[in-house]
Amino acid sequence: MPGDDEQLREEARRIVENEKQEEELKRQKVEEKRLAKDEDELWIQEKQRLLDDVKRLEEQKKDELERAKKLKAEAIKDALLKKQQLKREKELKLLQKQQQKQLEREQEIENRRKQIALKKQLELDREREMERELLRKQQLELERLKLEEADLER
């Protein structure tokens with residue numbers, strides 16, 4: 001029957017069309033799954049990259065903090081050394097000043113001692129000179145008396 005053949009052909013065409021659609025749907029689903037899998041893989045890779053970046057940045061921050069701590073410690077150490085050096089220099093200047101004053105005092109004492117010794121020496125020299133002068137006068141007086149006595153005896 002020709003209507004049946006036509007119907008069978010129509011039915012076969014629909015079946016072929018449905019199979020084609022099912023194949024296309026399966027292909028689309030497979031493609032969607034592949035795309036979804038690719039997307040997931042890309043997301044996982046991006047997420048891992050971001051995690052790696054975060055980790056790297058945290059390491060950098062840690063390293064920079066460590067460097068900053070070291071620099072700060074060195075700066076503090078340098079400042080303390082400078083402070084100690086300045087303190088030593090100040091103490092040294094003070095000691096030098098004290099030594100200079102002590103030296104000046106000792107020189108002053110020595111000068112006074114020399115002046116006193118010189119004064120005593122001058123005084124002794126004057127006394128000796130006066131004693132010599134007195135002795136000379138006495139000798140002159142003695143000679144004069146001897147001459148007078150000699151004159152009187154003659």
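Placing pseudo-labels 7 Å out from each Cα toward the beta carbon at residue 90 and residue 6 gives an inter-label distance of 12.1 nm. Hull volume per residue, based on the alpha-carbon atoms of the range 1-115 and their convex hull, is 49 Å³. How far, in degrees from 0 to 90, does helix 2-153 lean away from the longest principal axis of the Cα atoms of the chain, to the nearest 10? For helix 2-153, the angle is close to 0 degrees.
Ignoring ligands, DNA and RNA, what percent of the accessible area of the range 21-154 is carbon or sulfur (1.4 Å)? Within the range 21-154, the accessible surface is 56 percent carbon and sulfur. Charges were assigned to the Cβ only: +1 to each Lys and Arg, -1 to each Asp and Glu. The resulting dipole of the range 1-115 about its Cα centre is roughly 3140 debye.
Ranking 15, 92, 115 by how far each Cα lies toward the positive end of the dipole of the range 1-115 (charges on Cβ) leaves 115 at the top.
Were the residues from residue 151 through residue 116 laid out at 0.36 nm apart, the gain over their Cα-Cα distance would be 7.5 nm. In the full protein context, the chain carries 101 Å² of accessible surface per residue, based on a 1.4 Å probe and ignoring ligands, DNA and RNA.
Over the residues of the chain, the helix contribution to mean residue ellipticity at 222 nm works out to -38500 deg cm²/dmol, using -39500 (n - 2.57) for each DSSP H run of at least 4.
The values are calculated or read from the model by the stated rules, or taken from the named source; none is laboratory data. Bear in mind that the values here come from a model prediction, so they are computed numbers and not experimental data. With ideal geometry, Cβ positions are generated from the backbone for all residues, glycine too; neighbour counts draw on all protein chains shown. Only protein heavy atoms, including side chains, enter the accessible area calculation; ligands, DNA and RNA are left aside. Shrake-Rupley method; radii C 1.70, N 1.55, O 1.52, S 1.80 Å.
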